[in-house]
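Participant: Encoded as structure tokens, here's the structure I'll be asking about.
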Amino acid sequence: MMMPKRPDGMVRAFGMSGLQIVSELQQIEHTQSIDLGVTLKESRGRKVSEYEQFEAEMRSQAARMSEFYEVFYCLENSIRRLVKDTMIEAEGADWWASSRVNEDKIRRPANSRQKKEVDSGITPRSEDLIDYTTFGELSQLITDNWDIFDPIFSSKIAVSNITNQLNLLRGPIAHCNATDELEQERLNLAVRSWFKLMS
């Protein structure tokens, strides 16, 4: 049985036309900043398999806001580490149980948050109770123990003011709301001010 000859020229032309169309659509996506679903985007190793199901605009906002989340993640955890290291130096490894940690304002709420996680059946974030403190409570730990933080920071009032401002700026980011450029500039300024406070 004889096979019919393939019209190679036609297949090649069809393939080239398809590539041209894809190329032109990708150029439109790029110049017009729209997502036509033509350009494959790398998922950056995402573990959530359905991420691509969200709208392109929402994913774009999320990518923009992720930078600010990273800043707060680093800032908040660096403050935690600073507080913990300073307290250990002053009080020893059992500093959390010392009189330097206010029972009603800090220790009890942190214990309650940890217990809530354990009782809910999710994996606790940490065994270290300072990891259950809020941004405001970290500020309180610093100002309540100014005698040991005074050599680190230039002004107690400035620590309160800047941490209050950072806490206000943190809210929209922590609760997945987009911020405008003015708030982003305020965040940059507040983070720079925080580091300038450190003597």
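The values are calculated or read from the model by the stated rules, or taken from the named source; none is laboratory data. The model shown is predicted, which means the values in this text are computed figures rather than measured ones. Using ideal geometry, Cβ is built from the backbone for each residue, glycine included, and neighbour counts are taken over all protein chains shown. Note: accessible area is taken over every heavy atom of the protein model, side chains too, but ligands, DNA and RNA are not part of it. Shrake-Rupley method; radii C 1.70, N 1.55, O 1.52, S 1.80 Å.
Participant: Would you mind stating whether residue 167 is in contact with a Gly (Cβ under 8 Å, 6 or more places away or on another chain) and either surrounded by fewer than 18 Cβ atoms within 10 Å (Cβ to Cβ) or assigned to a helix (DSSP H, G or I) (or both)?
Facilitator: yes
Participant: Pick from region 47-82 the residues that are farther than 17 Å from residue 173 by Cα and among the β-branched types (Val, Ile, Thr): which of them is farthest from the chain's Cα centre (by Cα)?
Facilitator: 48
Participant: Then there is this: Looking at (1) in a helix (DSSP H, G or I); (2) over 25 Å from residue 174 (Cα atoms), which is the only condition residue 100 fails?
Facilitator: Unmet condition: (1).
Participant: Going residue by residue through region 133-150, is there one that turns out to be in a loop (DSSP other than H, G, I, E, B) and open to solvent by 20 Å² or more (accessible area, probe 1.4 Å)? Talk me through it step by step, then tell me what you get.
Facilitator: Taking region 133-150 first, the residues in a loop (DSSP other than H, G, I, E, B) are 133-134, 145, 150.
So of that shortlist, the ones also open to solvent by 20 Å² or more (accessible area, probe 1.4 Å) come out as 134, 150.
So far as region 133-150 goes, yes, one or more of its residues are in a loop (DSSP other than H, G, I, E, B) and open to solvent by 20 Å² or more (accessible area, probe 1.4 Å).
Participant: A further question follows. Restricting attention to region 98-125, which residues are loosely packed, with under 14 Cβ neighbours inside 10 Å and either in contact (Cβ under 8 Å) with a residue 40 or more places away in the chain or more than 13 Å from residue 137 (Cβ to Cβ) (or both)?
Facilitator: Those that are loosely packed, with under 14 Cβ neighbours inside 10 Å and either in contact (Cβ under 8 Å) with a residue 40 or more places away in the chain or more than 13 Å from residue 137 (Cβ to Cβ) (or both): 98, 99, 115, 116, 118, 119, 120, 121, 122, 123, 125.
Participant: Do we have any residue at all in region 156-163 that's modelled with pLDDT of 90 or more, among the hydrophobic types (A, V, I, L, M, F, W, C) and surrounded by 17 or more Cβ atoms within 10 Å (Cβ to Cβ)?
Facilitator: yes
Participant: Look through region 50-97, keep the residues that are of a type in the set (Ser, Thr, Tyr) and under 20 Å from residue 34 (Cβ atoms), and return whichever of them is most open to solvent (accessible area, probe 1.4 Å).
Facilitator: The selected residue is 60.
Participant: Being part of a helix (DSSP H, G or I), farther than 13 Å from residue 75 by Cα and open to solvent by less than 90 Å² (accessible area, probe 1.4 Å) is the filter here; which residues of region 175-187 pass it?
Facilitator: The answer is 183, 184.
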